[in-house]
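What follows is calculated from the coordinates using simple rules that are stated; it is not laboratory data. Since the model is a prediction, treat every value here as computed from it, not as a measurement. No Cβ is skipped: glycine too gets one built from the backbone with ideal geometry, and neighbour counts run over all protein chains shown.
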Amino acid sequence: MGYVISTVNMKGGVGKTTLTVNLATSLAKNFNKKVLVLDLDAQISATLSLLAPHEFGKLRKKRKTLSYLIDGVIQPNPYAKLDIHDLISPSICGLSQLELLPGDIELYDEYLVSEMLHQKAVNENKIEHFDSVWNNFERLLIRDILEPIVNDYDFIIMDCAPGYNLLTRSAIAASDFYLLPARPEPLSLVGIQLLERRVKKLKGSHQDDDPLKLQLLGIVFILSEGGLFGRYDKYYDQVKRRVKQDFTIDQMFATDIPMDVNVAKAVDLFMPAVLTSPNSNGSKAFLKLTEEFLGKINGFEQNQQ
């Protein structure tokens, strides 16, 4: 059975997509793991970090994006011809072990979701307990979408939108673990704190019927190039010490990721930096992070035995 992992932070611009695509690619390339990247952000950054825009355009024209599956849940169509296997793009970036379920700039209509759930509550005579109807839908949306293929992969890594929308909550609820990328900055720390509160509340809302198995795999610090050496180092250390006050050492990755110029340039090539510049500082850090990631997973498996 594969592990489902969300990459998430309440704040945008913390390196969430960069972490997702480079970790996934490193797992596939360097450790021969079968990995699926699922793009849950309407900005489609993860999709365009792995596919050229014209390739994405072709897929979207054929409706081979995540929105097709979400539409099928909100407005079931008995004549639907595609399933999740048809929507997954294989051999991404020439790697046979790396696959992608592309996102879309229009993933779902909030009004249609609310209307559908309201009607469901009326039909089931649960209008006074609408929150339970909503929570159940939230819990099952992404989990049910992934159910047919979850055992086909070692890892399914989901790039979640910043904030706390329906898909982000559903992804977290469907996950075994979540990764929390962060910048050594005050606002990024606020994002960490907000997420932890939301996760605690989400677990509480599902405690009675089917408790979430979700665990924090670790916080990953993404460093700006100016913070690698020099005047930002002391400030970075101060911020990291503040985080250590709220989390155990096991909840933090020892490896930090430097956002050097090669990582930034990779975005223009629609490929992860670990492929475009494997000898750069950023790519070497991602390789080390991947080893640490697998070590955490192995440690979890041993504790379960």
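Do you know the relative contact order of region 1-153, to the nearest whole percent, from alpha carbon pairs under 8 angstrom that are 6+ apart?
That works out to 30 percent.
What does the extension gain come out to for LYS296 and ASP250, with contour length at 0.36 nm per residue minus their alpha carbon separation?
Numbers: separation 46, 0.36 × 46 = 16.56 nm, distance 0.85 nm.
Additional length available on full extension: 15.7 nm.
Give the aspartates and glutamates reachable from LYS11 as a straight Cα distance under 14 Å; neighbours fewer than 8 places away on the same chain don't count.
Candidates past the 8-residue exclusion: ASP41, ASP159, GLU185, GLU196.
For region 95-108, what does the Karplus curve 6.51 cos²θ - 1.76 cosθ + 1.60, with θ = phi - 60°, yield as ³J(HN,Hα) per residue in whole Hz, taken in order and with x for Gly and Pro?
Those phi angles translate into 9, 5, 8, 10, 10, 9, 9, x, x, 8, 6, 10, 7, 6 Hz.
How far is helix 16-31 tilted off the main Cα axis of the chain, in degrees rounded to 10, range 0 to 90?
It works out to around 80 degrees.
How far, in nm, would the chain grow between GLU147 and ARG241 when pulled straight, counting 0.36 nm per residue and subtracting the alpha carbon separation?
Values: separation 94, 0.36 × 94 = 33.84 nm, distance 3.96 nm.
Going from the current span to full extension adds 29.9 nm.
On a 0 to 90° scale, report how tilted helix 130-146 is relative to the longest principal axis of the chain, with both axes built from alpha carbons and the result rounded to the nearest 10.
The answer is roughly 60 degrees.
Just check region 128-174 against the gyration tensor rule for me: Cα atoms, a ≥ b ≥ c as the square roots of the eigenvalues, rounded for a/c under 1.5, and otherwise prolate or oblate depending on whether a/b exceeds b/c.
Oblate shape, in that a/c is at least 1.5 and b/c is the bigger or equal ratio.
For the modelled label position 7 Å from the Cα of GLN43 along Cα-to-Cβ, which residues of region 1-25 have backbone nitrogen atoms closer than 16 Å?
Within reach of a label on GLN43: 7-22.
Looking at region 3-300, what % of its DSSP beta bridges pair antiparallel, to the nearest 5?
Numbers: 1 of 28 bridges.
Among the beta bridges of region 3-300, antiparallel pairing accounts for roughly 5 percent.
With the cut-off at 18 Å, tell me which of the pairs LYS33/LYS288; LYS29/LYS288; LYS16/LYS244 have Cα atoms farther apart than that.
Values: LYS33/LYS288 16 Å; LYS29/LYS288 13 Å; LYS16/LYS244 20 Å.
Correct reply: LYS16/LYS244.
For region 3-300, what does the relative contact order come out to in percent, with C-alpha contacts under 8 Å and a separation of six or more? Write out the running numbers ahead of the final one.
On the way: 490 pairs, mean separation 78.8, N = 298.
It comes to 26 percent, rounded to a whole number.
Pairs of alpha-carbon atoms within less than 8 angstrom and 6+ residues apart define the contacts here; what relative contact order does region 1-61 have, in percent?
Details: 30 pairs, mean separation 13.7, N = 61.
About 23 percent, as a whole number.
Work out, step by step, the length gained on full extension between SER96 and ASP131: first 0.36 nm times the residue separation, then minus their alpha carbon distance; give nm to one decimal.
Working: separation 35, 0.36 × 35 = 12.60 nm, distance 4.26 nm.
Result for the pair: 8.3 nm of gain on full extension.
Can you tell me which of ILE142, ILE105, ILE157 moves the most in a GNM of the chain? Springs connect C-alpha atoms under 10 Å apart.
Among ILE142, ILE105, ILE157, the largest GNM mean-square fluctuation belongs to ILE105.
Lysines within cross-link reach of LYS120: Cα-Cα under 17 Å, excluding same-chain residues under 8 positions apart?
Cross-link targets: none qualify.
So which of LYS64/LYS126; LYS240/LYS284; LYS203/LYS284 end up more than 32 Å apart, counting from Cα to Cα?
Working: LYS64/LYS126 35 Å; LYS240/LYS284 22 Å; LYS203/LYS284 36 Å.
Among LYS64/LYS126; LYS240/LYS284; LYS203/LYS284, the Cα-Cα distance tops 32 Å for LYS64/LYS126; LYS203/LYS284.
Tell me, VAL14, VAL21 in order of fewest to most beta-carbon neighbours within 10 Å?
VAL14, VAL21
Could you please state, rounded to a whole Å, how far the C-alpha centre of region 1-40 is from the C-alpha centre of region 107-169?
Result: 21 Å between the Cα centres.
Reachable lysines from LYS61, Cα under 18 Å, same-chain residues fewer than 8 places away excluded?
LYS81
Would you mind checking the tilt of helix 233-246 against the longest principal axis of the Cα atoms of the chain, expressed as 0 to 90 degrees and rounded to 10?
Taking the Cα atoms of the chain, the angle to 233-246 is about 40 degrees.
Going by how many other beta carbons lie within 10 Å of each one, how would you line up THR276, THR18, THR7, fewest first?
Values: THR276 18, THR18 26, THR7 30.
By the 10 Å Cβ count, ascending: THR276, THR18, THR7.
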